[in-house]
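Have a look at the structure below, then the notes.
The values are calculated or read from the model by the stated rules, or taken from the named source; none is laboratory data. Given the structure is predicted, the values throughout are model-derived calculations rather than measurements. Note that each Cβ is placed from the backbone with ideal geometry, even for glycine, and that neighbours are counted across all protein chains shown. Surface accessibility is based on the protein's heavy atoms, side chains included, excluding ligands, DNA and RNA. Shrake-Rupley method; radii C 1.70, N 1.55, O 1.52, S 1.80 Å.
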Amino acid sequence: MLLRQNFIIILVFFGMVLCGLIYLNNNQCRCNQKIKEQGIINGGTDETIHPRKSRCNQQISEQGITNLEWKQNTFGLRSSPGLLYKQQSALVGSRTDVASVTSWSAPIIWEGTFDSTLIDSIYKQQNLTIATTAFALGKYVRFVKDFLESAEQHYFVGFRVNYYLFTDQPELVPEVKMGENHSLTVLKVQSLNRWQDISMSRMEKLEKLIESELASEANYIFCLDIDTKFYGHWGVESLGRLVGVIHPWLYDTSRDRFTYERSPKSQAYIPAGEGDYYYAGAAFGGSLEDVHHLTKTCREQMSIDAANSIEAVWQEESHLNKYFLLNKPSKLLSPEYMWRDINASAAQIKIVRFTNVPKNYAEVRPNP
Amino acid sequence: MTMRLRHIFHFFLLGMFVGLSLSGLIYWVITSIWFGNHLTGNLGRTDVASVTPWLAPIVWEGTFDSTVIDSIYKQQNITVATTVFALGKYTRFLRDFLESAEEHYFVGFRVHYYLFTDQPDEVPNVKLGQERYLTVKKLPSMNRWQDISMSRMEILEKLIKNELASEADYIFCLDVDTKFIGRWSVESLGRLVGVIHPWFFNAPRFIFTYERRPESQAYIPAGEGDYYFTGAAFGGSLKDVHHLTKTCQEQMNIDIANSIEAIWHEESHLNKYFLYNKPSKLLSPEYLWRDISMSSGYVKIIRFSHVAKNNAEVRPNL
């Protein structure tokens, strides 16, 4: 009798200790991470990423020194005297249903978190050029008209925008009337047989485009999917050194549900317990220098994967997410900036700015 | 075993069982909060604004994760220059300022204090940590505390231009009649950083004590203004703070030539500067509080605060 009672007590005690250990284990999700802040990028040391040893000190950094001359972004957020706008309290956040800043103090842009009058007037003083890229290969060329026409209505209206459209059928690119200060450059590329290859090859093309043409011409760049359309304002509130867009299907889930690449064999591997957000591959941007580093890194990682005969579960989006984990974006755009469908709605989305358009995959993709 | 002992034993077992269930419940509650490492789950602070209308973050306790932020900046090998002025009787504040800074201010990072004083021998001997440096610079005494306050802009401009440009990554300019009582570290870094004044964070803009006379260069008309910033703490990158100090000093010289002195001296000029050159980051009044003994619901942690002093006693003039 005595023995049995003692046994029960021991069992109960053991259970409590076990609970405590699990609690402490959850407490240890830490990883040294790198951020691109406003200021100087320090090229770090070259370290290959060991997937198993993923706890601390990961760095993806540039190999060698680039000799590109970047167009300088004028410093300061200058505002003009006499500009009138509502006072914003230090105590009352404009949105209380969403987070407007990340844990590393990068703003998350939702409707209501910024004042467009003020922000537009600040950036108008900076004489900016925004490069914008899109890829329309094979049957995807049918999306170009809506994309460009809606962009002319909503995207950086009043600012200088240079579109760069990559296509394998330049003759099918429709004639779209561009506003003043907007230009379109069509670049011919080779056709590809797999949509996954088309998607992934964008990184290399973007890297080369930035190197060869844009470096001294544009201040910022955005890389967008073409099977999309603008329905609302997308303006200078989205500008920053490194900008990621939160995926519209994964903004309200726990990180263990994120569709990160989970195989340690891939360079895009992110272990369970790590991750801040799931970013969409359909839209990202930032300063030329930072996006160049991003595209270069992703391209390198994908080459390593290809050599090892592995393809990440969501292609370059998986590599993008790995990059953003270790190189924190300086600004995040809410899913208003890349939404599911114009007819879909969600409580937190007060305005749909840019969204996927419905399409029949079997019909438009070169392969299933 | 007697009946009584058995009862005690059973009671003990019941207690253990309840304890176990309770800890299991608490554990589950905590981990389910932690599952929400994303937007709508983990909101940080909902009782304050964490971003300005031009998308500069406002730093409050709860809006940043110190582990993440520290590890990010540790990889950058930064140097933070920190200036402070202690003239006349204000040297008495130095010991507390420096000792508390060694405990709370950018702990673990390289800090170089630049201390301006007219009595270098009054500077106390404070033990500094590793990678923490102190340079004492001698200044002539001045008769008016307003002049002491305002002259800081010119001195800072020269310091940055002549000495700091290649030495430090960031600079903070702080008042000396203050003390650190909480963490002030890399979450405060940015290109141009202003601190919201502890007496005006809850006030409508017409109450802000901006300079209201159009004759002064610091004039801000009614209807304009975002926040009221304190002159006791500001900072940023070397380049931006140099531009700030240079502009304020030029504006103050124009005012002197026109025989006008702004109502709150260089603080008025600072506010004018910040209105038209928006800070890239704001620090909440946690970063310069009214007094250690005062509290306010919004300020969950006091990091840096004025210390009580008898103005008549320490100031050279009224």
**Calculated [θ] (222 nm, deg cm²/dmol) that DSSP helices of n ≥ 4 give over chain B, each run adding -39,500 (n - 2.57)** = -10500 deg cm²/dmol
**Message:** Keeping all protein chains in the complex and leaving out DNA, RNA and ligands, what accessible area do you get for residue A:8 with a 1.4 Å probe, in Å² to the nearest 10?
**Reply:** 70 Å²
**Request:** Report the accessible area of residue B:201, computed with a 1.4 Å probe over the heavy atoms of all protein chains in place, in Å² rounded to the nearest 10.
**Result:** 10 Å²
**Request:** Extending each Cα 7 Å along its Cβ direction at residue B:163 and residue B:207, get the distance between those two points in nm, one decimal.
**Result:** 4.0 nm
**Item:** Charge dipole of the protein assembly as shown about the Cα centre (unit charges at C-beta), most positive-ward option of A:87, B:142, A:166
**Value:** A:87
**Whole-angstrom gap from segment B:277-292 to segment A:115-178, using each part's C-alpha centre** = 39 Å
**Message:** Out of the total accessible area of segment A:210-330 (probe 1.4 Å, heavy atoms of protein only), what percent is carbon and sulfur?
**Reply:** 49 percent
**Message:** Counting heavy atoms of the protein chains only and a 1.4 Å probe, report the per residue accessible area for segment B:133-214 as a whole number of Å².
**Reply:** 42 Å²
**Message:** Quick check on my link table: of A:139/A:350; B:239/B:281; B:74/B:137; B:138/B:278; A:205/B:278; A:86/B:272, which ones sit more than 26 Å apart, alpha carbon to alpha carbon?
**Reply:** A:139/A:350; B:74/B:137; B:138/B:278; A:205/B:278
**Message:** Using only the heavy atoms of the protein chains and a 1.4 Å probe, how would A:208, A:188, B:281 rank by accessible area, largest first?
**Reply:** A:188, A:208, B:281
**Listed residues B:2, A:253, A:355 arranged by accessible area, highest first, probe 1.4 Å** = B:2, A:253, A:355
**Complete:** The aspartates and glutamates whose Cα lies under 13 Å from the Cα of residue B:246, excluding any fewer than 8 residues away in the same chain, are B:154, B:157, B:266
**Prompt:** Accessible surface of residue A:361 in the full protein assembly, 1.4 angstrom probe, to the nearest 10 Å²?
**Reply:** 120 Å²
**Request:** Report the extension gain between residue B:308 and residue B:75 in nm, rounded to one decimal, defined as 0.36 nm multiplied by the number of residues separating them, less their alpha carbon distance.
**Result:** 80.1 nm
**Fill in**
Going residue by residue through segment A:270-286, the Karplus relation 6.51 cos²θ - 1.76 cosθ + 1.60 with θ = phi - 60° gives ³J(HN,Hα) values, rounded to whole Hz and with x marking Gly or Pro, of 10, x, 4, x, 10, x, 9, 9, 9, 9, 7, x, 7, 7, 7, x, x
**Asked** Which sequence of A:255, B:92 reflects their accessible areas, 1.4 Å probe, from the largest down?
**Response** B:92, A:255
**Asked** Given charges of +1 on the Cβ of Lys and Arg and -1 on the Cβ of Asp and Glu, with all other atoms neutral, how large is the dipole of segment A:154-210 about its Cα centre, in debye to the nearest 20?
**Response** 100 debye
**Request:** Report, please, the projected area of segment A:112-238 averaged over directions, based on the convex hull of its C-alpha atoms, in nm².
**Result:** 8.2 nm²
**Item:** Accessible surface, segment A:124-233, averaged per residue in Å² (probe 1.4 Å)
**Value:** 44 Å²
**Request:** Determine the total buried accessible area between chain A and chain B, counting protein heavy atoms only with a 1.4 Å probe; round to the nearest 100 Å².
**Result:** 6200 Å²
**Asked** So how far apart, in nm, are the two label points at residue A:249 and residue B:181 if each is 7 Å from Cα heading toward Cβ?
**Response** 5.2 nm
**Request:** Report, to the nearest whole %, how much of the accessible area of segment B:96-159 belongs to carbon and sulfur atoms, 1.4 Å probe, protein only.
**Result:** 48 percent
**Message:** If each residue of separation counts as 0.36 nm, what is the full-extension length gain between residue A:188 and residue A:360 once their alpha-carbon separation is subtracted?
**Reply:** 59.4 nm
